[in-house]
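In what follows, a structure is listed as structure tokens, so that the remarks can point back to it.
The values are calculated or read from the model by the stated rules, or taken from the named source; none is laboratory data. None of the values given here were measured: they were computed from a predicted structure. FYI the Cβ positions are ideal-geometry reconstructions off the backbone, even for glycines, and counts take in every protein chain you see.
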Amino acid sequence: MKNHITQTIMLCSASLCLLGSKTAVAQSEASEKAAVETVTIVGTRQAYQGEFTALETPQAELSISAEALRDAGAVDLVQALDLSASVARQNNFGGLWNSFAVRGFVGDENLPSNYLVNGFNAGRGFGGARDLSGIESVEVLKGPRAALFGRGEPGGTINLVTKRPTFKNAGEIKVSAGSYDTYRTDLDWTSPVSDSVAVRVVGFYEDAESFRDTIETTKEGFSPSLAWRISPQTQLTYELEYAHQEVPFDRGVVAVGLSGAKKELGVIPNSRFLGEPGDGPMKADVLGHQLEIQHDFNDDWSGLVGLNLRDTSLEGFATETDFYGSRQFLQRDGENLTRFRRFRDYDAAYHVFRAELSGDFSTGSFNHRLIVGLDADNFENDQIFLRARGSSIDASKSLESELARLRVSNQVINIFNPVYGAYPLPVPSANTDQVETQESLGFYVQDQISLTDNIDVRVGARFDDYQQELENRRVAVDSSGRVSTYAESRVSPQFGVVYKATDTLSLYTAYGENFRPLSGATDTNGLEPNKSTSTEVGIKFALNDGALEGSLAVFDVDQSNIATAILGGNPTALGAAGSQGVEFDLNGKITDTLSLWVSYAYVDAETKNAFKEPNFDIEVPAGANLINIPKNQWNIQLVQQMQLAGKELSLIGGLLHVDERNGFFGDQNFKLPSYTTARVAASYRLSESIELRAEVNNLFDEDYYTNSFADVWVQPGTPRNVRVSASFRF
């Protein structure tokens, strides 16, 4: 794949350069004319969303702008989503993907969370954690959105809006250095190459060590794009996404406790790495193409056609902590940890097409804002997975004799005095070899009807026809269990009402349904899709002449067909859960020089029936708390602008609080402790071109844990760290 990536980037870069050289003469001649016509590229409209203000939308949404991301010092999607209290961190697969829960619900915890890029489904796959170098803003679209987007996550949808070309010459180079030998360079440049064509090039390179022992990562990304104003009514936009990451697989720390005793965190330093440096890094690659054509038929009607092609891959070895049970020696002596080794070769291809028509019209005294569209997508998930795992512990033998027997086969390491590379790394053997394909075709319609000047009603529905096939290549070709399939057609409705009490206050209520295919199969059939329904009521308001915007929402989400453990030899989807809560968001300017960001969420998410947890085959009772979901979470940020020596100075302070959470779905007694971290920063503009910034994160150096998968896979948070940067704009 790497050669394919390199060739594509070279071709794209050469095309942009050739386009620039061909237009250079024309530009030079045009500059000599007395009058020069200026063409401005207007922002392309995103599919599925329509033209609605926040006060007209009967659902809770939070847009995290480029300014808010910059103030928070966010460079990756995880840091961006921390700004929304409705989003909780989930198992991040050793730092190799993004996983999050919205309103208490996560999708498949064994796959990355899906997210959108400019309205395209693009999150599924194995391209590593998403960097923000090419992202303009992040939208948290709360509640089920399947009536438009289709096949989404049950609690809400994350949409990334990318940086696109403008017809202004502008550029920025930013260099930064931070704790743990972290160095990063960012480039963002946009320019017109003719009266109708503009390009933009965004890229980054990062090399970093870590507070985690022996861990070092490198990341790079390149995102060129082109905008072509074919006519005053028609615009074409193309974007390429390339990223390469080399990240050691790091499951974090382990909670320690003898058999039957409570497992405790903090027994070993949070810096302690329990894998093997000799495994080397996991390598993750992304190559994506996104093409859109927008045409305005007139002032009222617009059409949009788009195509997204995204290939990702993940490959490498990892030595990982074994779970407490028959193979984990740590529960016997509290000192020696047994491990297993894995090799992964994952490839995923995601192809999406969409076409949409939107416009305004009237029937009698009613005004309609209509969105009609169709889309088709194909997701192929190809996984080869090898594993070398040691033998079970014989409880009848002495500690000394069993430890001696297991030391090499089970890759034993002392958690208090680790010696890496003490034994030859075992060669993994076949464990999983399968390819799963999900294909779907959807048609959607939404109409927001203005019944009066104050009341809007939104009605909509989406029809989906999808097919799912899983081929188990470890099974003989003529075996009846080699291929399993599932197909379903489904309608997802939505309904909402907005009452605009004043120009700055509206009240709304909404209902929606959602579904999401589950990966997995029975002997001959796939699993029924995960389903959810949601109701919410809320208030939206604007203060300070619109400079300060806020919302308050109360929601109730029910989820069914959650994947459960194997029953009679077959996976099942029998689980049910509910999530209720309150959200409050407020952001904008209090004064001309003081900005405020507040996000708070109370979420009560728990199971509604008893079922077996699918990863450990453990019985989970009704009323059990869902994993990694805090009841209370909030983020506050203040930015004060002032003058120092006649130059602009910004002082930034922020707090993030996360409540205690269940840290192991199969053990309701294992909790991740609550934490509050503080961050401060200052940016100083030396001139129109040069800006300096310094920031300190986790100011009070608190020990904390961000997420876990089980009591042996717990991700610790970063200690106090400092970063300084310099930006040059041109």
Checklist entry - Hey, among the residues in the range 570-600 that are closer than 21 Å to Leu543 by Cα and touching a Lys or Arg at 6+ places or on another chain (Cβ under 8 Å), which one's surrounded by the most Cβ atoms within 10 Å (Cβ to Cβ)? => result Glu583
Checklist entry - Going through the range 680-718 one residue at a time, which ones are touching a Leu at 6+ places or on another chain (Cβ under 7 Å) and surrounded by fewer than 20 Cβ atoms within 10 Å (Cβ to Cβ)? => result Val680, Ala682, Tyr684, Leu686, Leu692
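Can you tell me which residue in the range 483-502 is nearest to Glu380 (Cα to Cα), limited to those that are of a type outside the set (A, V, I, L, M, F, W, C) and surrounded by fewer than 17 Cβ atoms within 10 Å (Cβ to Cβ)?
Filtering the range 483-502 down to residues of a type outside the set (A, V, I, L, M, F, W, C) leaves 484-486, 488-490, 492-494, 496, 499-500, 502.
Filter once more, so that each one left must be surrounded by fewer than 17 Cβ atoms within 10 Å (Cβ to Cβ): 485, 488-489, 493, 499, 502.
On the way: Thr485: 14, Glu488: 18, Ser489: 20, Pro493: 27, Tyr499: 44, Thr502: 49 Å.
The residue in question is Thr485.
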Checklist entry - Can you tell which of Val412, Val419 is of a type in the set (Val, Ile, Thr) and either in contact with a Cys (Cβ under 8 Å, 6 or more places away or on another chain) or free of Cβ contacts under 8 Å to residues at least 12 places away in the same chain (or both)? => result Val419
Item to check | Residue satisfying condition, being β-branched (Val, Ile, Thr) and under 34 Å from the mean Cα position of the chain (by Cα), within set Val427, Val408, Val419, Val412 | outcome: Val427
Item to check | Conditions (1) in contact (Cβ under 8 Å) with a residue 60 or more places away in the chain; (2) assigned to a strand (DSSP E or B); (3) among the polar types (S, T, N, Q); (4) more than 30 Å from Asn454 (Cβ to Cβ); number of the one not met by Ser391 | outcome: (2)
Item to check | Any hit, the range 571-589, residues being farther than 24 Å from Ser674 by Cα and assigned to a loop (DSSP other than H, G, I, E, B) | outcome: no
Checklist entry - Quick check, is Val639 under 26 Å from Glu139 (Cα atoms), over 25 Å from the mean Cα position of the chain (by Cα) and not basic (Lys, Arg)? => result yes
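Residues are listed down the side, and each one gets a yes or a no for (1) under 19 Å from Ala68 (Cβ atoms); (2) of a type in the set (Phe, Trp, Tyr); (3) in contact with a Pro (Cβ under 8 Å, 6 or more places away or on another chain); (4) at pLDDT 95 or above:
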{"position": "Glu648", "(1), (2), (3), (4)": "yes, no, no, yes"}
{"position": "Gly653", "(1), (2), (3), (4)": "yes, no, no, yes"}
{"position": "Thr676", "(1), (2), (3), (4)": "no, no, no, yes"}
{"position": "Leu686", "(1), (2), (3), (4)": "no, no, no, yes"}
{"position": "Glu691", "(1), (2), (3), (4)": "yes, no, no, yes"}
{"position": "Asn698", "(1), (2), (3), (4)": "no, no, yes, yes"}
Item to check | Residue list for the range 619-639, filter: touching a Gly at 6+ places or on another chain (Cβ under 6 Å), over 14 Å from Asp604 (Cβ atoms) and surrounded by 18 or more Cβ atoms within 10 Å (Cβ to Cβ) | outcome: Gln637
Checklist entry - Would you pick out the residues in the range 463-483 that are part of a strand (DSSP E or B) and either in contact with a Gly (Cβ under 6 Å, 6 or more places away or on another chain) or among the aromatic types (Phe, Trp, Tyr) (or both)? => result Phe463, Asp464, Tyr466, Gln468
Item to check | Residue within the range 219-231 that is touching a residue at least 24 places away in the same chain (Cβ under 8 Å), in contact with a Cys (Cβ under 8 Å, 6 or more places away or on another chain) and of a type outside the set (A, V, I, L, M, F, W, C) present | outcome: yes
Checklist entry - Can you pull out the residues in the range 184-222 that are of a type in the set (A, V, I, L, M, F, W, C) and in a strand (DSSP E or B)? => result Leu187, Trp189, Val197, Ala198, Val199, Val201, Val202, Phe204, Ala208, Phe222
Checklist entry - Listed residues Leu274, Leu287, Leu314; which is in contact with a helix residue (DSSP H, G or I) (Cβ under 7 Å, 6 or more places away or on another chain) and either on the phi > 0 side of the Ramachandran plot or touching a residue at least 60 places away in the same chain (Cβ under 8 Å) (or both)? => result Leu287
Checklist outcome for this item: If you go through Phe211, Phe249, the only one that is closer than 23 Å to Gly316 by Cα, surrounded by fewer than 20 Cβ atoms within 10 Å (Cβ to Cβ) and either out of contact with any Pro (no Cβ under 8 Å at 6 or more places or on another chain) or touching a residue at least 24 places away in the same chain (Cβ under 8 Å) (or both) is Phe211
